[in-house]
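Values quoted throughout were computed directly from the atomic coordinates according to the rules given, and no laboratory measurement underlies them. These numbers come from a predicted model, not from an experiment. For neighbour counting, all protein chains shown are included, and Cβ atoms are generated from backbone atoms with ideal geometry for every residue, glycine included.
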Amino acid sequence: MRQIFLTFLLLAVPLAAQKDSPSAADNQRKLQQIRREIADLQTQLEKSASSLKSYLADLKIIDQQTSLQQEALRVLRGEIERNKHEIVSLTGQIATLENQIASLKAIFKKQILFSYKYQRGSELEWILGAENMNQALLRYRYFQTISENVRRIYQRLQEKHQTLNALQDKRGRELVRQESLAGEKLSEQNALQEKKVQREAYVKRVSANQSLLESALREKQESYEKLKGLIGNLERDKGQRVLEPQQQIEWDKIKGNFAAQKRKLNWPVRGKVVHPFGKYKNPRLKTVLLNNGIDIAAEKGTEVSCVFSGVVSVITYMSGFGNTIILDHNNGYYTVYAHLDEIFVKKFQIVDAGAVIGTVGDSGSLEGAMLHFEIYANNQAQNPVIWLRK
């Protein structure tokens, strides 16, 4: 009887339904969009005149291409990881199914032998040989169950074999796809490396030419004003921003907290402050520049952390700043993180204090890898040093 109960268990356990993750198609569309944008920028770059005047514009295009290729790499890495989990899941299901098939085969074999032993009337002798009527009835029902189970187990074995073949085929396709994704990743890495080499050549050319360097610094000074105007617009248009219900709950918790954080905020990245807040002299051009934040030199790829809880209001590329994130901390407080290499957050995402939002880069910079960091209160630039821990 235990054998019959085990059979019912094996027949009743369904295989976990498998569905292709919609993120695979979404990621493919995203990659196609990124590659179209890279191609459009490349067309602009090729049309640009090969003159010193075009170098600053070309440098921006190269920075934007680099940023897009890094985004493509992030998508590919995520898709490779997702695909790896899919393969592991399929392998586990195949192993489970093979064990079920082996168990069913063993039961099927025993029940076939039982049926063979009592064929040609032997089953009648076995039933009539019972000691009493109740035992005879039980033997009769047991034999009927065995016969029905033989048919059902055979049918279930056929179904499980078909499912097994389908899973093995799917795993084979996923393994091929994994190889294809790895090839795409390598291609993007090579393209990214080429852009980095190209950028270094452009930076050297611009840095060696005083008039170009002056133009670049003027652009950066203009960007300070643009950034201030952008933050003013964000504060004005905040009422039109729509957050998810859970995001709104988290956002409401932030109210009124930033103002109490002077000397308490952790540094967004550890490094040397190479350009202080306010006026400082450029050693190369001997000109006085105005800095609305601080510039912290750090190794490229170093993680950049959010100094306080907030919502990601802007992710953009700005002349002189490169890849830039602006976080809104409520009550008129904003922080700015610029010259980023990789960006790990999305617009309108709520981030906690200490969360890694990106990495240090040299986008928009002519002085190597650094983080440009600003704090605004009611659209007025603050000296970040008086807000950060000593």
Worksheet item: Roughly how many nanometres apart are two label points built 7 Å out from the Cα toward the Cβ at residue 390 and residue 260?
Response: 2.3 nm
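Which order do 43, 66 fall in if you start with the one that has the fewest other Cβ atoms within 10 Å?
Lowest to highest Cβ neighbour count: 43, 66.
For residue 244 and residue 57, compute 0.36 nm times the residue count separating them, minus their Cα-Cα distance, and round to one decimal in nm. Walk me through the intermediate numbers first.
Details: separation 187, 0.36 × 187 = 67.32 nm, distance 3.84 nm.
Taking residue 244 through residue 57 to full extension adds about 63.5 nm, to one decimal.
Once R0 is set to 41 Å, what does the formula 1/(1 + (r/R0)^6) return for the Cβ-Cβ distance between residue 178 and residue 378, expressed as a FRET efficiency to the nearest 0.05?
Values: r = 52 Å, r/R0 = 1.27.
E(calc), rounded to 0.05, equals 0.20.
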Response to the item:
By Cβ neighbour count within 10 Å, fewest first, 195, 253, 390 rank 390, 253, 195
Worksheet item: Taking amide hydrogens as modeled 1.01 Å from N in the peptide plane, which residues meet the under 5 Å criterion relative to residue 358, leaving out close sequence neighbours?
Response: 304, 344
Worksheet, complete the sentence: Given a Förster distance of 25 Å, the FRET efficiency implied by the Cβ-Cβ spacing of residue 215 and residue 279, rounded to the nearest 0.05, works out to 0.75
Response to the item:
The set of residues whose placed amide H lies less than 5 Å from the amide H of residue 274, leaving out same-chain residues fewer than 5 positions away, is 295, 296, 297
